[in-house]
Amino acid sequence: MESTILMTSFVAFVLFFVIRHIWRSNPIGRRHNTQRLPPGRMGWPLLGETSSYLKPHLATTPGRFMEQHISRYGKIFKTHLFGHPTVVSADPELNNFILQNEGRLFECNYPSSMAGILGQWSMLFVVGDMHKHMRSIALKFMSNTKLRSHILQEIHSHALYTLKSWRDKQLVSAQAEAKKYTFNLMARQIMSCNPWEPQTEYLMREYFSFMKGVVSAPLNLPGTTYRRALKSRATILEILRKKMEERSESDINHEDLLSTVMEEGSLSTEQILDLILNLLFAGHETSSIALTLAIYFLAGSPESMKRLRSEHLGIVRVKERPEMDSCPNWEDYKRMQFTQCVINETLRLGNVVRFVHRKALQNVQFKGFEIPAGWKVLPVFDAVHLDSTVYENPMEFYPWRWQNVESGTYFTPFGGGPRLCTGVELAKVEIAVFLHHLVLHYGWELVESDVPLVFPFVEFEKGLQIRLHLLDDNN
Ligand code: HEM
């Protein structure tokens, strides 16, 4: 009897330590000084508060979830998102601190479900030396020298190609047109595809189907968006693989990313394919919605439109032989200063990339709170860009605010630190040159009321239909 009691006590004792060990090794159970965790609630078991956080809302607001949580708990709060205990930050200083400490205190940490569709070698998933290496390839591909020497000319041709296709139309979907323009441009830069080739059109359709899988539930079942997206991914990779085979058997020198990475020779075929697909994704989705947002905001701000048109007319009229369709050179681009204000204001108010995914690599103390090691950390950019303590009248589209350099202090539309977007300048040139030709050739207004919504990508529900007015040279 006594030995049974002893045995039971021993088993209970061991069990206690085993359970305690498992609980502590789990990030949510690790012992913290709970007084110092940020305030907040963890929501439903396993699901947490993810569905409330991702509820569609107007892109020019931080959304109800953020508004309610900030007013209840402050700008730094805890919750449970994407399957993990999470610290959410709407605090501009913490956001900058997180971005600057990438690889030291924090690390990029996108949901693993996205790797199934974007690929395990996507730049969103690689860390350490592999990330540095892929980043250096992406930076070389989009260097300022290349932008000046030939990408600017390509951008100009693609902008005119799109705008000329509007000649006989009175109504267009600005969103669909912006998507075509940025897709064609990226496909040209990455693998020398021309917009008039049937394969480019086919690739674009497959790419749009692939894109839908990035934000859909990762259910690989017949009929699901995710299943269709995986099929499209396989089709696109097959096309790319064939291109790689053709190039390895030919001497023709293509000045594009595909040839550059193949010649460089440091990446495997799988890595090249994921990198290419990733750049297509990173460079297309963001710039197209930014351009659509600019067209939308300008339609609602006649003063900004007037100022913008006068800047671009000025750039053309000082030329010896002024021509509306001539390609702006790098000096012209640098003179588009109000245009840069319009782009900044569009990105501030429209918030194309609303937040990024990170995780804490160790316990981090900030403003009296502890962010526990292993927890997910979400710097939310839109909450800062739309914060009235950071920007005066934040809901107003007012490009002139960017004439004051201080506006940029907490402005992070392109992220920051070691993962700062490698396409910052390319995106700005793409938008600026398109706007240059657009305001010189057309006036426009919205056909019907339409607003940008967060799904979580920003999108116009009705595609932003605009009515065009062709301008004559005296306008
Ligand atoms: C308005 C347009 C754009 C916006 C708002 C934007 C925004 C961003 C943001 C916020 C990040 C940081 C992601 C993170 O830290 O987790 C990022 C990364 C990146 N972007 Fe962009 N982007 C834009 C255009 C482009 C373009 C045109 C390209 C060119 C292909 C591009 C390529 C990349 C790449 C390769 C990364 C990963 C950088 C790294 O991990 O080191 N982006 N972008």
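Coordinate-derived values only; no laboratory data. Nothing here was measured: the structure is a model prediction, and the numbers come from that model. Note that each Cβ is placed from the backbone with ideal geometry, even for glycine, and that neighbours are counted across all protein chains shown.
The table for this structure:
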read-out	value
Surface/4 estimate of mean projected area, convex hull on alpha-carbon atoms of segment 342-440, nm²	7.8 nm²
Pairwise FRET efficiency - Arg241 versus Lys462, Cβ, R0 = 30 Å, nearest 0.05	0.20
Neighbourhood net charge (11 Å Cβ-Cβ; Lys/Arg +1, Asp/Glu -1) for Gly48	+2
Other-chain or far-sequence residues with amide H under 5 Å of Phe460's (modelled H)	Leu453
Rounded Å value of the spacing that divides the Cα centres of segment 381-440 and segment 93-136	23 Å
Cα centre as origin, Lys/Arg/Asp/Glu Cβ charges: segment 199-259 dipole, Debye	580 debye
If the convex hull is drawn through the Cα atoms of segment 267-373, its volume per residue in Å³	205 Å³
Gyration tensor (Cα) of segment 246-286, equivalent ellipsoid semi-axes in angstrom	20, 12, 8
Estimated vicinal HN-Hα couplings, Hz - segment 196-208 in sequence order (Karplus 6.51, -1.76, 1.60; Gly, Pro = x)	7, 7, x, 5, 5, 4, 5, 4, 5, 4, 5, 5, 5
Charge sum, other residues only, whose C-beta stays under 9 Å from Leu258's C-beta, Lys/Arg counted +1 and Asp/Glu -1	+1
On Cα atoms only, tilt of 152-164 relative to the major axis of the chain in degrees	70 degrees
Flagged links, alpha-carbon separation over 31 Å, of Lys164/Lys428; Lys55/Lys306; Lys359/Lys462	Lys55/Lys306; Lys359/Lys462
Karplus (6.51, -1.76, 1.60) ³J(HN,Hα), θ = phi - 60°, over segment 300-316, in Hz, Gly and Pro reported as x	x, 9, x, 5, 5, 4, 4, 5, 5, 5, 5, 4, 6, 4, x, 5, 6
Test item: Cα-centred dipole of the chain, Lys/Arg +1 and Asp/Glu -1 on Cβ, debye	1380 debye
For the chain, with +1 on Lys and Arg beta carbons and -1 on Asp and Glu, the positive-most of Ala59, Met142, Phe297 along the dipole	Ala59
Cα centroid separation, segment 156-214 to segment 230-287 (Å)	18 Å
Tail fraction, Cα-Cα pairs, segment 348-398, threshold 18 Å, whole percent	48 percent
Furthest towards positive pole of dipole, Leu361, Pro328, Ser248, structure part the chain, Cβ charges	Leu361
Inter-label distance, nm, simple model (7 Å from Cα along the C-beta direction), Lys212/Glu93	4.6 nm
Reachable aspartates and glutamates, given that their alpha-carbon falls under 20 Å from the alpha-carbon of Lys243 and they are not under 8 places away in the same chain	Glu197, Glu201, Glu206, Asp251, Glu255, Asp256, Glu263, Glu264, Glu270, Asp274
Integer Hz, Karplus 6.51/-1.76/1.60 couplings in order for segment 222-229, x for Gly and Pro	x, x, 7, 4, 5, 4, 5, 5
Stretch gain in nm, segment Lys334-Arg148, where the contour uses 0.36 nm per residue and the Cα spacing is subtracted	65.9 nm
Proportion of all alpha-carbon pairs of the chain beyond 38 Å (%)	30 percent
MRE, 222 nm, helices only [DSSP H, n ≥ 4, -39500 (n - 2.57), over the chain, to nearest 500]	-16000 deg cm²/dmol
